[in-house]
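A quick write-up on the structure given underneath.
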Amino acid sequence: MKLAKKIWTYAAIIGLAVICALNYHLFVFPNKFAPAGLGGVCTMIQYVLGINVGWLNLAINVPLALIVLWRIGKSLAGRSFLFAVVFSGMLIVLEQMDLSMFIYETDTGTSTILGPLVAGVINGWLYSVIVRMSSTTGGMDLVSALIRHSHPHLNFFWVSFAINVCVAFASYFVYGFQIEPVILCILYCFMTSTVSDRLTKAGNAAIRCEIITDQPEELSALIIEQLHHTATMMPAKGMYHDKETSVLVCVINRAQKTALSELIKTFPHTFAVFSDVTTVVGNFKRIDRSGHEEKDLIDKGDGITV
């Protein structure tokens, strides 16, 4: 099972790298703007000097991956290096292919904004998946890992933010002294960070339920039987009627909210309060809609990410 997970994980990293290269080729390069981080620097160099981003990306990531291997560990370095090599190789290959029928660009520029919007959404989704595999997309992510390893107290956000500001500022001069590439770069960065943040949180999210009931034993038994989660019972007192009651606290998957609500309705004088939980750690089972425990197909490696 472990071997199958590893094979699937490395195959997924390769697939994500191919998607990332297509994203650049179809939506970034044709619309003449620089994406975030070191990829944006490489994109501007390609625009000015004609050197393929694939070769530039390799030149940056090979030494970075070696340093990460030396300073941090082989899992993060190896997986990030695999992504960088496949991504770079695909950019070089795609340059030789005619994908004009799929490329999004406009002659008038009236819909140029759609390019960075789509590219940012795709990259944000991709980033949220790749991080779960203890991997990165290379570039600034590897720099981030090195900084946090050496100086864990530093907030890398400001370093990344400063580089992205420089990329956006430089793009004004690189792309013919126009303000539009600057706006497109900012829009791309915003979409990438927003989508990746929301998807990452959604993957770790759950629902906390506090149930006030006079029948805690019966209700908790049904929760265990039907939802495959347990509950913690706490004694309580209803102040309106000055009556002893109980509070059941349980954490469930988002997909189970409707099922638990219907279950609660069958008990008289019972109500519940739901609240979102952004992260659950420890021995918490994730149950799918059919009532079975979700199988994690991804090998999470050593768990080191940026």
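The values are calculated or read from the model by the stated rules, or taken from the named source; none is laboratory data. It should be emphasised that the depicted structure is a prediction, and the values quoted were computed from it without experimental measurement. Every residue, glycine among them, receives a Cβ derived from its backbone with ideal geometry; neighbour counts consider all protein chains shown.
Select from the range 207-226 the residues that are touching a residue at least 24 places away in the same chain (Cβ under 8 Å), surrounded by fewer than 19 Cβ atoms within 10 Å (Cβ to Cβ) and within 33 Å of the chain's Cα centre (by Cα) and list them in ascending order.
ILE207, ARG208, GLU210, GLN226
Take SER135 and tell me if it is in a loop (DSSP other than H, G, I, E, B) and among the hydroxyl-bearing types (Ser, Thr, Tyr).
In short, yes.
Return a yes/no flag: does the range 226-246 have any residue that is closer than 30 Å to SER134 by Cα, at pLDDT below 90, touching a Cys at 6+ places or on another chain (Cβ under 8 Å) and of a type outside the set (Val, Ile, Thr).
yes
I need the full set of residues from the range 213-251 which are of a type in the set (D, E, K, R) and either closer than 19 Å to PHE274 by Cα or not assigned by TED's automatic domain parsing to the domain that holds SER261 (or both), in order please.
ASP214 - this is the single residue of the range 213-251 that is of a type in the set (D, E, K, R) and either closer than 19 Å to PHE274 by Cα or not assigned by TED's automatic domain parsing to the domain that holds SER261 (or both).
If the Cβ limit is 7 Å and pairs must be 6+ apart or interchain, which residue in the range 172-184 that is without any contact (Cβ under 8 Å) to a residue 24 or more places away in the chain and outside the structural domain of PHE27 (by TED's automatic domain parsing) pairs with which residue that is crowded, with 17+ Cβ neighbours inside 10 Å and part of a loop (DSSP other than H, G, I, E, B)?
The qualifying pairs do not exist here.
Answer yes or no as to whether ILE7 is over 27 Å from SER111 (Cβ atoms) and under 19 Å from the mean Cα position of the chain (by Cα).
The answer is no for ILE7.
Suppose we keep only residues that are at pLDDT below 85 and among the polar types (S, T, N, Q) within the range 70-105. Which one would you say is surrounded by the most Cβ atoms within 10 Å (Cβ to Cβ)?
Among them, the one singled out is SER75.
Somewhere in the range 169-188, is a residue farther than 13 Å from ALA34 by Cα, of a type in the set (A, V, I, L, M, F, W, C) and assigned to a helix (DSSP H, G or I)?
No, that holds for no residue.
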